[in-house]
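So the structure is just underneath, and the comments pick up after that.
The values are calculated or read from the model by the stated rules, or taken from the named source; none is laboratory data. All figures in this text were calculated on a predicted structure; none of them were measured in a lab. Because the Cβ atoms are built from the backbone with ideal geometry, glycine has one as well, and the counts that use them run over all protein chains shown.
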Amino acid sequence: MPAIWPSLCAIADDVKDTAAFSPEIGVCTSIQNAPILHKAGATYVEASVRGLLIPDKPDDAFEANFRLVKESPLPVRAANGFLPGSLKCVGPDADHAAVLAYAEVAFQRATRVGIKHIVFGSSSARSIPGGFDRRTAELQFAALLGKMAPLAQASEVIIVIEPLNTGETNFINTVPQGAEFVEAAQHPNIRLLADIFHMLRMDEPAEHIRAGGQLIRHVHIAEKRKRSAPGVEGDDFRPYLQALKDVGYSGEISIECRWDDLANQLPTAVRTLREQMAGLK
């Protein structure tokens, strides 16, 4: 082996370790705010299923929203706010037929818009009613995912399960818990979301991202105490961003927070995330 080979290998390792981590940054907000996002340096909108795709409304109502998307300076890449609380996924009132009918319309409209990821948070729809057997709820939810996955595949969208903190739901509260359902689904259109705000609220370590990294397809972020935008209180997200870089995450990061003044706060939020990403190893 030539003597220069070890040196070349070392250089390659250094390049790999210091490669820039620069995922696209979007914002969870209305499509009407796209011009503000564009000016601030965000690159996409994460809209609401119920606000933009309106699966419970007729096609002509959706067409009006579709025109807004076509006129937008930014694409809509993802959508949250999936299911209304009235469509129960688990418990004695679970109605999978109604959920699937609603989901199919949402997925079909998502394809027209260009949305690739549907965020399955829906805390009220998926929470386990008091006194209901948890194992039965888990089986119900797994069965629902099994039926929902082919519908997502047909529309070429990916459902990303979002773990939520215990202040919002009593079901799927951590990244490992979400990963269990993704692994049980055994389907490429069922994947995982890592929400750094919820991870902070649950005192989840960044190691959970490393453990489930290959399943993670989407990320949300906000500060811990008031769900404020990055840069408001100065939260350090670098341990979680480093974990995403370490697992080779190549998806997007959506700021999902409470805004006091979107136009004035968003440039700082984008700059804060870029600065923290730039400092990663």
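In region 83-103 there is no residue that is assigned to a helix (DSSP H, G or I), touching a Gly at 6+ places or on another chain (Cβ under 9 Å) and not polar (S, T, N, Q). Of the residues making up region 257-281, those that are part of a helix (DSSP H, G or I), more than 13 Å from residue 23 (Cα to Cα) and in contact with a strand residue (DSSP E or B) (Cβ under 9 Å, 6 or more places away or on another chain) are 262, 266, 269. Restricting the search to helices (runs of 4 or more DSSP H) fully inside region 182-256 and requiring at least 1 residues that are under 22 Å from residue 81 (Cβ atoms) and of a type outside the set (Lys, Arg) gives 196-201. Checked against the criterion of being under 24 Å from residue 174 (Cβ atoms), in contact (Cβ under 8 Å) with a residue 24 or more places away in the chain and in a helix (DSSP H, G or I), region 108-123 contains one or more residues that satisfy it. Taken over region 85-99, the criterion of being in contact with an Asp or Glu (Cβ under 7 Å, 6 or more places away or on another chain) and acidic (Asp, Glu) is satisfied by no residue. How about region 67-112: which of its residues are among the acidic types (Asp, Glu), over 20 Å from the mean Cα position of the chain (by Cα) and either crowded, with 16+ Cβ neighbours inside 10 Å or over 26 Å from residue 29 (Cβ atoms) (or both)? Hits for region 67-112 are 93, 95. Per the listing 234, 213, 248, the residue uniquely at pLDDT below 95 and in contact with a helix residue (DSSP H, G or I) (Cβ under 9 Å, 6 or more places away or on another chain) is 213. Do we have residue 230 as under 19 Å from residue 39 (Cβ atoms), surrounded by 14 or more Cβ atoms within 10 Å (Cβ to Cβ) and over 20 Å from the mean Cα position of the chain (by Cα) here? When the stated conditions are applied, residue 230 does not pass them.
Hey, does region 4-13 have a residue that's more than 26 Å from residue 280 (Cβ to Cβ), modelled with pLDDT under 95, of a type in the set (A, V, I, L, M, F, W, C) and over 20 Å from the mean Cα position of the chain (by Cα)? For region 4-13, residues more than 26 Å from residue 280 (Cβ to Cβ), modelled with pLDDT under 95, of a type in the set (A, V, I, L, M, F, W, C) and over 20 Å from the mean Cα position of the chain (by Cα): present.
Scanning region 55-72 for residues that are part of a loop (DSSP other than H, G, I, E, B) and either of a type in the set (Phe, Trp, Tyr) or out of contact with any strand residue (DSSP E or B) (no Cβ under 9 Å at 6 or more places or on another chain) (or both) returns 55, 56, 57, 58.
Conditions tested, residue by residue: (1) free of Cβ contacts under 8 Å to residues at least 60 places away in the same chain; (2) within 26 Å of residue 21 (Cβ to Cβ).
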| position | (1), (2) |
| --- | --- |
| 142 | yes, no |
| 156 | yes, no |
| 167 | yes, no |
| 176 | yes, yes |
| 197 | no, yes |
| 204 | yes, yes |
| 213 | yes, yes |
